[in-house]
Structures are given as C-alpha cells and as structure tokens.
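Encoded as structure tokens, the structure appears first; notes follow it.
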Amino acid sequence: MTPETWLFAPTTNANHTTGTHHPETAERTTRIVSALRHDAHVQQVCRWGTPRPATTDELARVHTQEHIARVAEASRVAQAQQRLVALDPDTVVSEGSYEAACYAAGAVLAAVEAIHQGAARQAFVAVRPPGHHATPGRAMGFCLFNNVAIGARHAQHLGFPRVLIVDWDVHHGNGTQDIFYADPSVFFFSIHQFPHYPGTGSQWECGVGPGEGFTLNIPLRAGTPASEHLRAFEAGLETITSRFQPDFVFISAGFDAHVADPLGNLNLTDREFVHMTHLVKKVAQTYSAGRIVSVLEGGYNLETLPQTVRCHVVALAGVANDVSSVGKTT
C-alpha cells in the first residue's frame, strides 16, 4: 500500500546561509531530514516527494513584484560582494537565498499538487527560510516568502476554495494574517505567545471588511501551562469549524513553543504537539477528506527539534491514535 503521507525537503535548504550565531541555521533542516531518513518507522509510513521551485507568477499570487525583485537582487548583491545582505535586523540574504526561498515555496506547491492528484493525503514540508512573517511587500523575522500563504493560493487555484491555516508557532504569523485579513475564503488561526515578536496577534485582530471574523488569534502569556495551551487550541478549532468548513488545511508548524526552545517561553512538549496534530487531522478528516500540508516554521533547539518533528510526522501519518510512540525511536 502506497503511503498517504509525503515528505518534502529541498536540498537548497542549505544554500540559504545566515551567518555565525544566527538561530535560523541550515542545521535545523539538516538534522530534521537526517532524523526522518534514518527512522525506519517513518520510512515505512511515508514517502519522499520531489520539490520544485515556485515561479515568479506563483510567488506573485501573494507578494508584490517589487518584493520578489528585492529578494532576488539581494541575492545577486550577496554573490557579487561575497557577503550577507540584511533586509531587516533579523533577516539576511546570501547568494543562495533566493533559490532556496523559491524552492521552499515550491516544495509546498509540490505537496499541494501531490494531494490534488490523489497521490498523497497529507504532507510535511521541511523547508527554510521559514515564511509566516513575510508580508506581501516585506521580508522580516527570518522569512523571505510566505510559503504557507503561497500554498493556500495554489490550493485555491487547483479547486479547493476554502482554506484553513493553523499557525501554532510561538510567534504570531503577522505576514499570513496581513495577506488574508480581508479574505473570507481563508481562515487564519494563530495561537502564540503575547506580547512577543512581532508584537501583533491580539484577540481583537479578527479581520476587516468581508474578512471580518475569519481571523482568530489566541494570545497566551509567557509561561502558560501546556494543559491550558491545549484547551485553548482545541476551543479555537471548535470555534472555527462551527462556522467554517475547510476544503484544505495547512499547518504553519513552528516548534518554538516547545518548553526547551531558546526563542520562546511556552511549555509544550512532544506529547502536546502530537495531540495538536491529531486535533487538526480530525478537522481535516471531517471536512476536507484528510487534506493537510504541514510546513516547517520556527523551532531553534537543535537537540530537541528533530525528535519533535518526528513525533509530528508520525502523528500526521496517522499510524497511531495515541501518543504512545512519543519519545521512542526505531
């Protein structure tokens, strides 16, 4: 039986270099991919898909032409001058960054296409640079292009009109929110530490115009207990599905809400990430024939991140309905 869960990880991930001591390092995806490829259980229940680059036209469904050109030009300058180019205080571009960013977005598109074609039911996409802070016209917060937003527009292009994006990164996905804030066809749900970077994501931010009511933010104080975090997450999903039944589901899968992550102050463990995965999967099974694309966002503890992602992938593949495999390797 062909596995229904596909994994995507462009080799260009490593081409985006960020310099010494930057937390968003190529080692993040290198370690994740190594953990997944060397896990016999993952290999049994998943298959690897082939990424492709996003075209300029596909990027432009979300981003301005000026922004796309700015990122491309920054990479050319980085190559010509053999240095990193800063687009904001946290976000740098190297000579390989534009190609890596195009493949990061394109890997999400390839995952959407595999599901559209019936070859896959769900997918996990291990890509960098991450995307959820990137707005239509600005790179910020380590993000160049908004991978999940580009994927959502592609899903709509392929005939899935109503899209749910669940963002559980410790940081608010301000870029994704900006892109869909007035759009009732995409429901954006973010649960995150607040106040925290980038300073957005209050409970009062709920959309504008026709998009009013199609953004749900659940801000959590630093140190929120994991049990409270989970209850809020589940209540959020229940609120959403009472009025919005998605045709396709995306997860902005940041793992920096992990208790051991250096860039956050929340208390989730692998067990909670597995539980959240099951909750989102239940929504997808109920309303969208199981269609989910999960896309890596944050997660910066190199010691814990690979195992947390493994637990998420195993839960996404649906090989167990509990968390008995958490913490175990094969």
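The values are calculated or read from the model by the stated rules, or taken from the named source; none is laboratory data. Computed from a predicted structure; not experimentally measured. Cβ sites come from the backbone with ideal geometry, for glycine too, and all protein chains shown count toward neighbours.
Descriptive notes on the structure:
- Look at (1) touching a helix residue (DSSP H, G or I) at 6+ places or on another chain (Cβ under 7 Å); (2) surrounded by fewer than 19 Cβ atoms within 10 Å (Cβ to Cβ); (3) outside any helix (DSSP H, G or I) and you find that A14 fails only one, number (3).
- Segment 67-125, residues that are farther than 17 Å from T17 by Cβ, buried (at least 24 other Cβ atoms within 10 Å of the Cβ), touching a Leu at 6+ places or on another chain (Cβ under 8 Å) and β-branched (V, I, T): V112, V125
- Qualifying positions in segment 258-297 - in a helix (DSSP H, G or I), surrounded by 19 or more Cβ atoms within 10 Å (Cβ to Cβ) and of a type in the set (A, V, I, L, M): V274, M276, V280, V283, A284
- Qualifying residue in segment 168-176 (condition: touching a helix residue (DSSP H, G or I) at 6+ places or on another chain (Cβ under 7 Å) and either over 22 Å from V295 (Cα atoms) or surrounded by fewer than 20 Cβ atoms within 10 Å (Cβ to Cβ) (or both)): no
- Filtering segment 205-233 to residues that are surrounded by fewer than 18 Cβ atoms within 10 Å (Cβ to Cβ), over 28 Å from P262 (Cα atoms) and touching a strand residue (DSSP E or B) at 6+ places or on another chain (Cβ under 8 Å) leaves only C206.
- Selection from segment 238-257 of residues that are in contact with a helix residue (DSSP H, G or I) (Cβ under 7 Å, 6 or more places away or on another chain) and surrounded by fewer than 20 Cβ atoms within 10 Å (Cβ to Cβ): T241, Q245
- Segment 17-57 - residue that is over 21 Å from the mean Cα position of the chain (by Cα) and small (G, A, S) and, of those, surrounded by the most Cβ atoms within 10 Å (Cβ to Cβ): G19
- The set of residues in segment 301-315 being buried (at least 19 other Cβ atoms within 10 Å of the Cβ) and of a type in the set (A, V, I, L, M) consists of L305, V309, V313, V314, A315.
- Taking segment 1-11 as the range and being crowded, with 17+ Cβ neighbours inside 10 Å and not in a loop (DSSP other than H, G, I, E, B) as the test, the residues that pass are T5, W6, L7, F8.
- Residue list for segment 298-318, filter: β-branched (V, I, T) and not in a loop (DSSP other than H, G, I, E, B): T308, V309, V313, V314
- Put simply, of G236, G199 the only residue that is modelled with pLDDT of 95 or more and at positive phi is G199.
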